[in-house]
Amino acid sequence: MPTRVTVKKDKIRLAFGGMGFHNADATNYKMMSKRHFNEVVAKTWRELSPGFSRIWGGAPNWSREDMDTFVEYYHQMHGVTDTPLYLTGSTTRQVTQEDKIKYAVDVADRLEYLIRDKGLKNIVMYCMSNELTLDTWGEMFYELETFKEYHTLLFREFKRRNLPVVLAATDAAPSSHWESVNWAVGNMAGVTGVYCAHDYAFDWYVEDVDFYKWFNIMCQRMSNAAGTKEKRFILGEFGLGCDWDRINGMLINDSRYFDTDKEAESALMVADMALAAFNANVYAMAYWTLNDYPNPEGMRWSRTVKWGLTRWDGDDYSARDNYYCYGLLAKYFNKNSKPMTTRSDAYLLHSGGVANTDGSVSVALNNRGGDALDVELELDCPVDRPMRVYVYDSANVPRNDFADLQPHSDVLAPVDGRLLVKAPARSLLLLTTDYRDNKPGAVGGVKMLDAAGRVGGAGRVVVWDAANDENHCYYRVYRDGIQVASTVADSYEPPEKDESAKGDTGATGAVGEAGDASAYTVKSVDKWGNEGQ
């Protein structure tokens, strides 16, 4: 007998703000090569089009140059996808009241510059400190009145300037510090717009079958507490237990599962965290993090963060397995959607669903069990077209050399509100009507430019006319029918040794020997993953 999952569209349900990421610190932007940014960072961001993002918002010494770099980065990332931003900052302990007020004024000055002078309309939340840090990590957990004092000064200054930014409290981590959120609910409601915390499941492991239930209860408690003040709760950061490894003197912070035989399955635990929070009415959430941080160079501090969905290790920018799992949730559990109620007969089959304003729906089925399941979906909601089916199978991860999300594996049409689907063991299925059967137009004007930017001669760079389709997302570049890149740029420069393609003579192409334009084809890919002519 099939496992039954019911999906119901309720008449009234709190809105959902989206799944997303803590985005790479914008100061890393200047360290990225053009290839890294165009073919990986911006490309993956636009493909997933996250509904929510938490990002570092600057220290007290954040200069005008730092802010302008942030603006440049934002306009190519969050501005393109219209993603709301939660900024977090920092400060050191101020002794006098005058210095505390000056701190609040300085923060407001920076935000006003970004929002009003530079047009960063998506900054909607701010917290004065990451994880209650003041001079040391988490220090204000033990002196919440200090946090309240700084928070209140910011509230007054934002209100005086009519800045459209609400304050988040308390941004605490780990879950043992979530009681600070309850304290903020009881003592800071008048100056707080949203409640926030982080967790990394330090005490839970991939094998722990009760994790989903525990995390769902923890998040529901926070959502309920926030609801007593008619406010919402968000997860500013979440991820799996971290390791602190020291390699050749460098301290590396990453997930305990990366580069182990548990990495593929750990992606399903991340999906469990997201679905548990989503089903607990958490408003929005940010996975830590979109990209790795770079390795330190020269006199830079000797630590780095390697939590990303994509790597940053020399010129290795490949996607980790979680990109093909949580990435599906980030893409299809949209901001401004309405959560649907889902119920599963199987304890280890966790589910969630959203209905979008355009009438489309998406349903996720996360099978944490060791057996494949025949699943019967009972859809008590309008479904106006067949559902595309996307599969993340931890035993056969759909990796792609260019960090392109996996294509749909099937298209299934419900019959009388019922749909049968096979869920492999330890897999995530994403079923959706959030798509169009579209064929982007052909990309024209493909030509080779030499080192001086002239057409002809020894070709170095492939260029083409920009796509004019409003639903265009990125380009795929092919050489002799073999894909060599995915990029948001309207040009492609082969690396020093383009091992993935061959030139006219059959020899491996290199810079200056890229062949003529006839070897290259460029195709537009739209936001639904449809590839053009």
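Taking every Cα-Cα distance in the range 30-79 and sorting them into 10 Å bins starting at zero, the pair-distance distribution P(r) comes out as 21, 51, 25, 2 percent. The candidates I115, I234, I101, arranged from most to least accessible area with a 1.4 Å probe in the full protein assembly, appear as I101, I115, I234.
Ranked by the mean number of other Cβ atoms within 10 Å per residue, highest first, peptides 23-32, 403-412, 136-145 order as 23-32, 403-412, 136-145.
Were the residues from K34 through L14 laid out at 0.36 nm apart, the gain over their Cα-Cα distance would be 3.1 nm. Close amide H contacts of M250 (hydrogens built in the peptide plane, cut-off under 5 Å, sequence separation of 5 or more or a different chain): none are found.
Accessible area of D401 (1.4 Å probe, protein heavy atoms only, ligands and nucleic acids ignored): about 140 Å². Measuring nothing but how far apart in sequence close Cα pairs (under 8 Å, 6+ apart) lie, relative to its length, the chain scores a relative contact order of 16 percent.
With a sphere of radius 9 Å drawn around the Cβ of H472, what net charge do the other residues whose Cβ falls strictly inside it have (Lys, Arg +1; Asp, Glu -1)? Net charge around H472: -2. Relative to the globular-protein estimate of 2.2 N^0.38 Å, the Cα radius of gyration of the chain stands at 1.00.
Inter-label distance, E230 to W301: 4.2 nm, where each label sits 7 Å from its Cα along the C-beta direction.
Of the listed residues V363, V391, V455, the order by accessible area with a 1.4 Å probe, largest first, is V455, V391, V363. Using only Cα coordinates, the Kirkwood hydrodynamic radius of the range 1-127 works out to 16.8 Å.
Round to a whole angstrom and tell me the spacing of the C-alpha centers of the range 305-343 and the range 264-293. Using only Cα atoms to place each centre, the spacing works out to 8 Å. Entry note: the range 278-317 has Rg to Rh equal to 1.20, where both radii use alpha-carbon atoms and Rh is the Kirkwood radius. Bridge orientation summary for the chain: considering DSSP beta bridges with both residues in this region, about 65 percent are antiparallel.
The relative contact order of the range 81-151, computed from alpha carbon pairs under 8 Å that lie at least 6 residues apart in sequence, is 43 percent. Spatially, the range 358-383 and the range 212-252 are offset by 26 Å when compared through their Cα centroids. Here each label is just a point 7 Å from Cα along the line to Cβ, and for N61 and N122 those points are 3.0 nm apart. All other residues with a Cβ under 14 Å from the Cβ of Q533 taken together, and with Lys, Arg as +1 and Asp, Glu as -1, what is their net charge? Cβ neighbours under 14 Å give a net charge of -1.
For the chain, the Cβ-based charge dipole about the Cα centre amounts to some 1480 debye (Lys, Arg positive; Asp, Glu negative; other atoms uncharged). Spherically averaged projected area of the convex hull of Cα atoms, the range 100-237: 9.1 nm². Straightening the chain between W137 and D490 buys 122.7 nm, computed as 0.36 nm per residue apart minus the Cα-Cα spacing. The equivalent ellipsoid that matches the C-alpha gyration tensor of the range 355-497 spans semi-axes of 40, 20, 10 angstrom, in descending order. Its relative contact order, with pairs defined as Cα atoms under 8 Å and 6+ residues apart, puts the range 247-344 at 29 percent. Using the alpha-carbon positions of the range 285-411, Rg (one decimal) and Dmax (whole number) come out as 18.0, 60 Å.
The values are calculated or read from the model by the stated rules, or taken from the named source; none is laboratory data. Given the structure is predicted, the values throughout are model-derived calculations rather than measurements. Every residue, glycine as well, gets a Cβ built from its backbone with ideal geometry; the counts of neighbours run over all protein chains shown. The protein model used for the area step is the full one, side chains on, heavy atoms only, and it has no ligands, DNA or RNA in it. Shrake-Rupley method; radii C 1.70, N 1.55, O 1.52, S 1.80 Å.
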